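The values are calculated or read from the model by the stated rules, or taken from the named source; none is laboratory data. Keep in mind that this is a model prediction, so the values were computed, not measured. Cβ: placed from backbone, ideal geometry, glycine included. Neighbour counts: every protein chain shown.
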Amino acid sequence: MALTTVSAGLRDRFFEEWLACTIGTYPEQTRRLLREDRDWFRNPVGHTLDASLRGLTEELFGRFDRARVTAWLDAVVHLRAVQDFSPADAVGFAAMARHAADRVSEHGSPGLSPGALDVLGARIEDMVAIAADLFNRCRDKIHAIGARAARRRVFVLERAHARAEARAVAQVGAPQSAPRGETP
C-alpha cells in the first residue's frame, strides 16, 4: 500500500495521535489551553501546532515536498526554540510522528503495510533532520540578536560616558566666575 492511498480516516487518526503526543510535552495547564482552543487570535500556539502538524501529515502521506515540509516545520521549531525546551525536546515533536504511526498501525485496523510503514519511517527521519537544522539556525539567530542587543547597550553606555567626560572637561577648562561681589 502506497502512502498516497492511505484513507483520510487513518490520516486523521495519525494527526490526532501526533498532536496529542506533541501537546503532551507541555505543562498541564498549557496542555488544557492548547487542546481546547485553536483560534489564531486567542491561542496562536495551539493554532500553529494544529495547522503545521496537519500540513506535515499531508506531506508525510503525500508527495513529501521538502520545501513545504521545511516551511511547516519552521513554524513549530521557531515556537519551541523560544520556549523552555531543551534542544532535543524542541525538535522531538518531529520524532513523535513515528510513535503516532506505530499507535495507529497497532490498533488492528487495516492501517499501514510494513512497506508503507518503512517509507513513512524514512520520511519521518528526514523530517527530524530538517527540524534539527532549522533549530540550529533559529538558535543562531537568537544568539545574534542577543549579541547585537549587548553591543547596543555597550555603545549607549560608552557614548553616555564620553558625553559626561566632555562635560567634565568643559567645566574644568571654563573660566571660573568670581564669587558675588568680587571682581576677578
- Please state which one of 68, 42, 32, 63 is within 29 Å of residue 117 (Cβ to Cβ), surrounded by fewer than 15 Cβ atoms within 10 Å (Cβ to Cβ) and of a type in the set (Lys, Arg). 63
- Among the residues of the stretch 119-174, which ones are among the basic types (Lys, Arg) and closer than 21 Å to residue 91 by Cα? 123, 137, 139, 141
- Just give me the residues in the stretch 22-34 being assigned to a helix (DSSP H, G or I) and either farther than 18 Å from residue 59 by Cβ or of a type in the set (Phe, Trp, Tyr) (or both), in sequence order. 23, 28, 29, 30, 31, 32, 33, 34
- Query: Taking into account only those residues within the stretch 2-25 that are surrounded by fewer than 19 Cβ atoms within 10 Å (Cβ to Cβ) and touching an Asp or Glu at 6+ places or on another chain (Cβ under 8 Å), which is nearest to residue 44 (Cα to Cα)?
  - Reply: 25
- Message: I need every pair where a residue in the stretch 64-75 that is free of Cβ contacts under 8 Å to residues at least 24 places away in the same chain has its Cβ under 6 Å from the Cβ of a residue that is surrounded by 15 or more Cβ atoms within 10 Å (Cβ to Cβ), sequence separation at least 6 or different chains.
- Response: 68/59; 72/52; 72/55; 72/56
- Message: Going through 39, 12 one at a time, which residue ends up being over 25 Å from residue 129 (Cβ atoms) and part of a helix (DSSP H, G or I)?
- Response: 12
- Task: Hey, could you check the stretch 46-61 for residues that are among the hydroxyl-bearing types (Ser, Thr, Tyr) and under 14 Å from the mean Cα position of the chain (by Cα) and say which is modelled with the lowest pLDDT?
- Result: 48
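Yes/no matrix, rows are residues, columns are (1) more than 27 Å from residue 17 (Cα to Cα); (2) out of contact with any Ser or Thr (no Cβ under 8 Å at 6 or more places or on another chain):
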| site | (1), (2) |
| --- | --- |
| 100 | no, yes |
| 105 | no, yes |
| 117 | no, no |
| 124 | no, yes |
| 128 | no, yes |
| 137 | yes, yes |
| 144 | yes, yes |
| 147 | yes, yes |
| 150 | yes, yes |
